[in-house]
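The next block holds one structure in the form of structure tokens; read it before the comments.
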2 protein chains.
Amino acid sequence: MDANAPNAIGNKPGDFETALTSDDRVDLRVWLRLLTCVNLIERTVRNNLREDFDITLPRFDLLAQLDRAPKGLSMGQLSRRLMVSNGNVTGLINRLLSEGLVERSHIRGDRRTQLVSLTAAGKRAFDSITPAHAAWISEAFASLSRDEMTTLYGLLAKLKAGQIKPDERP
Amino acid sequence: MDANAPNAIGNKPGDFETALTSDDRVDLRVWLRLLTCVNLIERTVRNNLREDFDITLPRFDLLAQLDRAPKGLSMGQLSRRLMVSNGNVTGLINRLLSEGLVERSHIRGDRRTQLVSLTAAGKRAFDSITPAHAAWISEAFASLSRDEMTTLYGLLAKLKAGQIKPDERP
DNA sequence: AAAAATTAGTTTATATATAAAATATTTCGT
DNA sequence: ACGAAATATTTTATATATAAACTAATTTTT
């Protein structure tokens with residue numbers, strides 16, 4: 001502890017030279033509100049998935065990816081599409097395997113890669129959840145008009161484009 | 001519900017009677033884009049916090065709450081403000097305690113409650129991170145004009161208001 | 001005041017998530 | 001063809017998060 005460390009006022013190092021105007025607070029407020037909205041909606045979806053279908057959101061997301069790719073996906077492709085680490089996908093797939101919702105098959109020619117795809121049970125489970133999921137999302141956005149949704153969609157496009165994405169290889 | 005709802009085609013007989021029009025896809029697309037934006041920005045913030053300050057986002061968020069409440073907060077208040085479970089707060093506080101960034105004190109009159117507050121070191125750490133954090137957020141939203149930020153802020157207000165929140169006690 | 005209910009918090013079991021190291025396997029340079 | 005580099009995935013250690021069960025203290029009821 002410092003002997004004389006009362007109030008360290010005005011301790012602003014010159015590292016962040018971005019013109020920090022009063023807009024900063026606007027940015028922060030928008031960011032916090034954005035976070036709040038997403039967290040509230042996501043929480044609802046998680047709770048509904050658990051209560052109504054006894055499944056978690058990450059597992060549902062994984063099933064959704066596989067549903068879109070009938071030929072199956074490799075672990076790496078799943079990792080990239082879900083934007084999570086490889087190790088995370090390993091754990092998720094193991095749990096879904098033990099639940100019988102997905103299956104693995106080897107690829108000829110490359111013994112490192114494995115193709116993951118939905119089982120019939122997995123497909124059935126996913127199809128049974130989808131309409132409810134769509135309804136929840138619909139309800140979550142019910143307070144915005146169609147025009148407002150369009151505006152929001154456009155703003156989010158710009159926001160997304162502004163995030164520098166390193167590389168994405170499908 | 002509006003009796004004159006447009007094309008209520010193929011209403012499912014069962015549970016989800018909400019008129020599922022073609023708008024559903026719009027909702028889903030907006031939701032997915034919203035999620036993507038938040039995930040991209042949050043990932044950047046997490047990485048920057050780890051690389052530049054060797055701290056995690058949940059710990060930073062907790063410090064931020066304590067910084068705003070100089071008198072300290074109880075575990076329950078922290079749990080409510082951060083919108084996470086009690087047990088989660090217990091773990092976070094234990095780690096921050098062992099890092100010397102926060103401290104606990106008993107309250108007279110109620111031996112169940114403990115007040116958590118920032119230590120000098122915690123306050124120092126938080127103050128050193130804040131400007132960088134603001135700059136990251138500023139940069140994340142740089143692709144939107146001031147007007148667009150205002151519009152977005154308004155739309156998010158409506159969206160947030162549309163989520164039914166049970167109760168919130170400050 | 002004793003029993004019942006509420007409140008505050010921790011503990012436990014489990015799931016999700018990451019980073020970094022480890023293990024295979026394939027491909028590339030020479 | 002051989003060693004080096006790259007690729008695909010798993011393993012390990014750790015952090016975050018929840019729900020449900022539990023402990024302890026305070027209030028409320030009767």
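The values are calculated or read from the model by the stated rules, or taken from the named source; none is laboratory data. From a predicted model like this one, the values you see are computed outputs, not experimental measurements. Glycine also receives a Cβ, built like all others from the backbone with ideal geometry; neighbour counts cover every protein chain displayed. Side chains included, ligands, DNA and RNA excluded: accessible areas come from the protein's heavy atoms. Shrake-Rupley method; radii C 1.70, N 1.55, O 1.52, S 1.80 Å.
Filter region B:62-87 for residues that are loosely packed, with under 15 Cβ neighbours inside 10 Å, within 14 Å of another protein chain (Cβ to nearest Cβ) and not basic (Lys, Arg) and give the result.
Within region B:62-87, B:70, B:83, B:85 meet the criteria.
Taking region A:51-61 as the region of interest, how many residues are within 14 Å of chain B (Cβ to nearest Cβ) and either in contact with a strand residue (DSSP E or B) (Cβ under 9 Å, 6 or more places away or on another chain) or within 13 Å of DNA strand D (Cβ to nearest atom) (or both)?
Within region A:51-61, residues that are within 14 Å of chain B (Cβ to nearest Cβ) and either in contact with a strand residue (DSSP E or B) (Cβ under 9 Å, 6 or more places away or on another chain) or within 13 Å of DNA strand D (Cβ to nearest atom) (or both) number 3.
When you go through B:138, B:98 one by one, which is the residue that is exposed (fewer than 12 other Cβ atoms within 10 Å of the Cβ), without any contact (Cβ under 8 Å) to a residue 60 or more places away in the chain and of a type in the set (Ser, Thr, Tyr)?
B:98
Just one of (1) within 12 Å of chain A (Cβ to nearest Cβ); (2) within 10 Å of DNA strand C (Cβ to nearest atom) trips up residue B:93, so point out which.
Single failed check for residue B:93: (1).
Here are the criteria: (1) modelled with pLDDT of 95 or more; (2) more than 9 Å from chain A (Cβ to nearest Cβ). Tell me which single one residue B:9 does not satisfy.
So the condition that residue B:9 fails would be (1).
Determine if region B:108-129 includes at least one residue that is at positive phi, more than 14 Å from chain A (Cβ to nearest Cβ) and either open to solvent by 20 Å² or more (accessible area, probe 1.4 Å) or in contact with a Pro (Cβ under 7 Å, 6 or more places away or on another chain) (or both).
Checking region B:108-129: at least one residue is at positive phi, more than 14 Å from chain A (Cβ to nearest Cβ) and either open to solvent by 20 Å² or more (accessible area, probe 1.4 Å) or in contact with a Pro (Cβ under 7 Å, 6 or more places away or on another chain) (or both).
Give the residues of region A:29-61 that are open to solvent by 50 Å² or more (accessible area, probe 1.4 Å), free of Cβ contacts under 8 Å to residues at least 12 places away in the same chain and touching a helix residue (DSSP H, G or I) at 6+ places or on another chain (Cβ under 8 Å), sorted by residue number.
Once the filter is applied, which keeps residues that are open to solvent by 50 Å² or more (accessible area, probe 1.4 Å), free of Cβ contacts under 8 Å to residues at least 12 places away in the same chain and touching a helix residue (DSSP H, G or I) at 6+ places or on another chain (Cβ under 8 Å), region A:29-61 yields A:29, A:33, A:46, A:56.
I'd like the residue in region B:144-156 that is more than 7 Å from chain A (Cβ to nearest Cβ) and not hydroxyl-bearing (Ser, Thr, Tyr) and, out of all such residues, is least open to solvent (accessible area, probe 1.4 Å).
By that ranking, first place goes to B:154.
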